[in-house]
1. Do we have A163 as touching a Phe, Trp or Tyr at 6+ places or on another chain (Cβ under 6 Å) and either buried (at least 19 other Cβ atoms within 10 Å of the Cβ) or within 30 Å of I27 (Cβ to Cβ) (or both) here?
2. Among the candidates T56, T64, single out the residue that is within 16 Å of ligand 2 (Cβ to nearest atom), over 15 Å from the mean Cα position of the chain (by Cα) and at pLDDT 95 or above.
3. Need a quick list: helices (runs of 4 or more DSSP H) entirely within the range 140-258 having at least 2 residues that are under 27 Å from A53 (Cα atoms) and in the same structural domain as E114 (by TED's automatic domain parsing).
4. Please verify whether the range 64-78 includes one or more residues that are in contact with a Lys or Arg (Cβ under 8 Å, 6 or more places away or on another chain), charged (D, E, K, R) and in contact (Cβ under 8 Å) with a residue 24 or more places away in the chain.
5. Given the structure, is D211 among the acidic types (D, E) and over 30 Å from E129 (Cα atoms)?
6. Within the range 76-106, which residues are small (G, A, S) and either closer than 22 Å to V205 by Cβ or crowded, with 18+ Cβ neighbours inside 10 Å (or both)?
7. Hey, among the residues in the range 38-64 that are closer than 28 Å to A81 by Cβ and among the hydrophobic types (A, V, I, L, M, F, W, C), which one's surrounded by the most Cβ atoms within 10 Å (Cβ to Cβ)?
Amino acid sequence: MNDEPILSARGLRLSFGAVRALDDVSIDLWPGEVLAIVGESGSGKSTLLRVLAGETRPDAGSVTYGDPQGGTRDVHGMTEAARRRLARTEWGFVHQDPRDGLRMAVSAGGNVGERLMAVGDRHYGNIREEAARWLERVEIPRSRIDDAPRLFSGGMRQRLQIARTLVTRPRLVFMDEPTGGLDVSVQARLLDLIRALVADLGIAVILVTHDIAAARLLAHRMVVMRQGRVVEEGLTDRVLDDPRHPYTQLLVSSVLAA
Ligand SMILES: Nc1ncnc2c1ncn2[C@@H]1O[C@H](COP(=O)(O)OP(=O)(O)OP(=O)(O)O)[C@@H](O)[C@H]1O
Ligand SMILES: [Mg+2]
């Protein structure tokens with residue numbers, strides 16, 4: 001298999017005033033692996049994701065990306081232009097609020113097609129056909145291709161954001177609470193859809209969630225954060241069935257009791 005991590009973080013620290021949002025966090029992610037980051041509100045999950053993606057600079061520590069050619073790149077050492085290029089091509093982002101990941105006034109087909117154009121596709125007919133295929137893949141009828149996402153429901157918007165992100169087949173996708181704002185019934189279908197697409201495309205995913213059920217369904221491995229530190233990590237089934245840290249035990253038992 002792949003013996004080099006696709007993403008590797010060492011000793012990440014970041015404070016906001018007196019708040020230690022990240023306190024010596026190290027993480028490895030392998031190609032094709034889904035890693036869930038779970039923990040209570042304020043534990044540092046979103047901050048960690050932004051630092052891993054190079055959007056926020058840590059006070060200390062490093063993030064290294066293993067590129068497809070077998071080289072490694074320092075995520076916080078590259079230029080902003082280089083990082084943006086990676087974000088457009090080899091990486092993808094699924095935001096909790098689809099409005100942050102979509103262009104609300106542009107048609108659904110345009111939202112998907114735009115990503116294809118960004119990686120160099122120039123043939124209008126191909127782009128439109130590929131966009132239509134992706135809409136169907138995320139269960140949006142082809143007939144809605146010219147509608148803008150502001151006319152879509154919350155669940156449809158989130159599925160559109162996923163189509164826009166995955167159409168270019170990124171190797172690495174960052175997701176922050178992708179089912180966060182949705183009804184429980186809509187969440188379950190969306191999680192199934194994400195699971196199928198991620199497995200099919202073999203994408204590596206870092207999934208931030210406070211939803212243990214989502215982590216159970218999607219993730220191979222998970223890390224549990226508390227107050228900016230990783231307090232436990234391991235294979236998802238091991239962590240959830242045999243939690244070792246008292247905080248993980250509390251997290252798992254409180255979900256079971258709910
Ligand atoms: N830009 C910022 N300025 C000041 N404090 C911040 C900033 N971003 C995050 N924090 C603080 O860092 C800590 C971690 O926040 P973060 O958003 O990473 O938590 P989280 O685990 O994603 O929480 P949630 O589950 O509520 O989204 C919190 O105490 C938060 O208030
Ligand atoms: Mg968050």
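The values are calculated or read from the model by the stated rules, or taken from the named source; none is laboratory data. The structure presented is a predicted model; accordingly, all values stated were derived computationally and were not measured. Note that we place each Cβ from the backbone using ideal geometry, even for glycine, and neighbour counts take in every protein chain shown.
1. It is true that A163 is touching a Phe, Trp or Tyr at 6+ places or on another chain (Cβ under 6 Å) and either buried (at least 19 other Cβ atoms within 10 Å of the Cβ) or within 30 Å of I27 (Cβ to Cβ) (or both).
2. Values: T64 fails: within 16 Å of ligand 2 (Cβ to nearest atom).
Just a single option satisfies the conditions, and that option is T56.
3. Helices (runs of 4 or more DSSP H) meeting the threshold: 154-166.
4. Scanning the range 64-78, I find no residue that is in contact with a Lys or Arg (Cβ under 8 Å, 6 or more places away or on another chain), charged (D, E, K, R) and in contact (Cβ under 8 Å) with a residue 24 or more places away in the chain, so the answer is no.
5. Answer is yes for this residue.
6. Within the range 76-106, A87, G92, G101 qualify.
7. L48
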